[in-house]
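Let me begin by presenting the structure, written as C-alpha cells, before commenting on it.
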Amino acid sequence: MNNVEAGSAEAGGAPAVRVVIVDDHAIFRSGLKADLDARVTVVGEAGTVEQAMAVIAQTSPEVVLLDVHLPGGLGGGGREVIAGSAALLGSTRFLALSVSDAAEDVVSVIRAGARGYVTKSISGAEITDAVLRVAGGDAVFSPRLAGFVLDAFGTAPANIADDELDRLSARELEVMRLIARGYSYKEVAKELFISIKTVETHVSAVLRKLQLSSRHELTKWAAERRLL
Amino acid sequence: MTTAITRPPLVRSSDRVIAGVCAGLAAHLGWPVRMVRIGMVVAALAGGAGLAFYAWLWIMVPTADENAKRNARRPASPIAPAVSAPGLPLPPDCGSGPVPAAAAFPAAGPLPGAPLHGMAPGTGPGAAGGLTGGTNGAEAATAPWFRVRGMPYGKEVLLGAGLLLAGGILIARMVGVDVPLGTLIPVAAILGGAAIAWIQLDETRRAGLLDKTKADQAGGWARLAAGLALVVAGVLVMVSGSGSWEQTWLALLASVAVLGGVALVLLPWGLKFWRDLEAERAGRVRATERAEIAAHLHDSVLQTLALIQRRSGNENDVLRLARAQERELRGWLYRDPGKEAGQLSDRIRAAAAEVEDSLGNAVDVVSVGDTAMTARHEALVQASREAMVNASRHGGGTVSVYLEVADGGAEVYVKDRGPGFDPASVPEDRMGVRESIVGRMNRHGGTAVISSSPDGTEVRLKLPSDAADNGEGKS
C-alpha cells in the first residue's frame, strides 16, 4: 500500500484515479501494476468473481480493470462481476481487459455495462490513457471492438425513419471505421476536422447503442455468435 | 495358418428379411444365405428350436452399424490402428501379433486423438461393406427366388404367407384334422408381438445412429404398444388356459398388480443405472475432447515454449515465436466452424501472418464482412501484402490492417506509425509502391491511395465489386 501514498502525492493537483485490477493471473496483475503510471493508483486486486465483488464494494474505485474470463461465481466471469456490482455502476466504471478477441466475450461484457475494451497486449501508457478516459465518462474502443460494432450494426448509414438506437449515423460510422483502421481519437479528430470531445461523444453514443439496442440484426448477429 | 480363415464378425446384416440374423450368420460362417434360411425354417418346425435360436441371436448379436460404432468407441490404444489396418494380415494367434506392431508404430503414442479417428473407418465401413457384399453375392449367385429383400413388397409377401398359413390351419380344422388352436393362437400372438416390438427396437437404433429425427416417433410407440399388447394377451390366454373372459380379466388384474409392484421396487435401481450410464457416456465424451486438446497443445504450445526457453537470449526471436504461437492458438480456439475457409479475410490474415513472421513487427487485422475469392481479389491480397511489408519494414511498429467488404466492393487499409515519406518523391526504380501496389490495383479496376505524414503512413486500397464495373476490371 506504500505506492498508493506515493502515487497520490506525485499526482499533485489532480488526484490519481483509483483503480481495482481484477485478473486471475497474479503475474499479469503485478506486471500491469508496474506498467500503469502515476496518474493511476491501484487500490485493490482480485482474482476471482467473489473476491472482485467484495473488493469493489469495499473500495468503490473509479475504474475497475476487469478480465473477461474469471474463475469462481456462477461461471459468468467479468459479466457476473459487473452484474453483481450494479449498485455502483453510477460511480464505478468498468474497462474490460482480455486476451480473447472472440466477439462473444467482448460484446457480452460490453452489453453487461463495461465502458470499453482493450486487449492485454496493449502498452502501459495506452492502458493508463484508457483508464483515464473511462474515468472521465468516455468509452474506449479498440480497433477490434470497432470492427465488431461495424459487423453487428452493418456499414450502411441510418435512415431518418430508423429507430435512433438501431443504426449508426453516418458520422458515427466514419468514427468507427477510422478507429477500426487503427486511428487514435486524436487522429480521428484531425481526419474528420472535429474536436476530440466530439469524437468522444460519438464513441459514447455508439457504446450506448451497442448496450441498449435490441435491433433485429444485432440480435441475429449475436445469436449467430451465441451471445444470447 | 492355412486353415485360419479371417471370418467377418458375427453381426446382423442390414440386408434382411426379419432381423438380418440369417444373412449375418451366413456371412460369418461363409455359407449360402439360402441354406441358412431354409435350415432355420426347418429347425423352427422341429418343435420351435429354430425359433428359439433365431430369437436368441436377434437379442444377442448386434447390428453391423452398432458393431462399427462400438469398435469406434473402444478406448484408443496406440497399437489399434496397426492391428486393425486393412492391409495387415490378421495373425491367428493374437498374443504374438500386436507386439511387433506396437514397436513399429511408436509415433502413435503421443497422439491419443489420432487412433480414435483412424479406428472408425478402419473397422466400421470395411466390415459392413464386406458383409453386405458377401451376402449380396451369395444371393445373386445361388438363390434368385429367395431374394425377398430385393422384391418391392417383401414384408407384405411375408404377411401373406403368414395369412395363408393361418387359412390353411383353419381349413385343416374344418376338414377334421385336430389342430390345438388353444395353444397355437397365444403362441402366435406372443411371437408376433415380440417380433413387432423388436423390429421397432432395431429401427430406433438405426435412427439413433443416423440422426435424431423424431419423424415417426409416434408410429414407433404405437407399434411397440401393439407388440406389448399382443404378447401380454398371448401370455394371459396361455396361462389362464381358457378363453373365459372373467378368468382372463382376473389374471390381467393380478399380473398388472404384480408388474406394478415389481416396477416400483426396481425403479430406483433402473434410474440409478441409467444415470450412471449417462454420466459415464458424458465422461467419455469429455475424455475424447481432452485428448484432442492435449494433442493440439502438445504439437503447438509446448513445442513453442520449449523453443522459447532455448532461445531466451534473443528477444526478437522470442517475440516472434510468441506472436506466431498466439496467432495459431487463437485461430484454433476461435475459429468459426460455420464459416467457409479460403475467403478474402482468411487470405488477408494469412498474408498478415506471413509478414509478421518474416519481419517481426505485429500486424493486427480487423475485418468486417467477407467475400469469396476471385482473381481480382487475389490482386487485392497481393497489393495488401506488399503494403504490409512496406509498413512493417519502414514503419517499425505495429501495423494496423482493416478490411471492409460491402456491396460496393472491398477496401483494405494498411496503417503504420513510422516517420512517413512523400509518395511523390519515391524514385522510379522502387518497384514496391509504384508497381506492386498502385499499378496492380489500377490494372484490376481498383484504386490505391497512399497518404503519409510524420505521424505515419496509410495505404488505402479499394476494389469495386464486379457488378459496379463489369468488364473494365479485367482489361
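Here, each number is a calculation from the coordinates, and none is a lab measurement. Just so you know, these numbers come straight off a predicted model, no measurement behind them. Cβ atoms come from the backbone with ideal geometry, glycine included; neighbour counts cover every protein chain shown.
Tabulated values for the structure
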| quantity | calculated |
| --- | --- |
| Over 20 Å (Cα to Cα) - which of B:Lys415/B:Lys462; A:Lys120/A:Lys197; A:Lys190/B:Lys415; A:Lys33/A:Lys120 fall in this group | A:Lys120/A:Lys197 |
| Placed amide H near B:Ala406: partners under 5 Å, 5+ positions off or other chain | B:Glu411 |
| Cut-off under 5 Å, modelled amide H: who pairs with B:Gly418 long-range | B:Thr457 |
| Dimensions (Å) - region B:244-335, Cα atoms, principal axes, largest first | 96, 22, 13 |
| Which of A:Asp105, A:Asp24, B:Asp178 has the fewest Cβ neighbours within 10 Å, and the rest in rising order | B:Asp178, A:Asp24, A:Asp105 |
| Point-charge dipole on Cβ atoms (K/R +1, D/E -1) for region B:244-335, about Cα centre, debye to 20 | 460 |
| Inter-chain shielding of B:324-332 (mean C-beta neighbours from other protein chains, 10 Å cut-off) | 1 |
| Long-range HN-HN contacts of A:Ser142 with modeled amide H, under 5 Å | A:Tyr117 |
| Residues A:Ile127, B:Ile199 arranged by fewest to most Cβ contacts within 10 Å | B:Ile199, A:Ile127 |
| Fewest-first sequence of B:Val21, A:Val99 by Cβ atoms within 10 Å of each Cβ | A:Val99, B:Val21 |
| Fraction of the pair-distance distribution of region B:340-474 above 23 Å, Cα-Cα pairs, percent | 28 |
| Backbone HN-Hα couplings from phi across region A:62-72 [Karplus 6.51/-1.76/1.60, Hz, Gly and Pro as x] | 7, 10, 10, 8, 10, 6, 5, 9, 9, x, x |
| Dipole axis of region B:244-335 (+1 Lys, Arg; -1 Asp, Glu on Cβ), positive-most option in B:Ala291, B:Leu333, B:Leu302 | B:Leu302 |
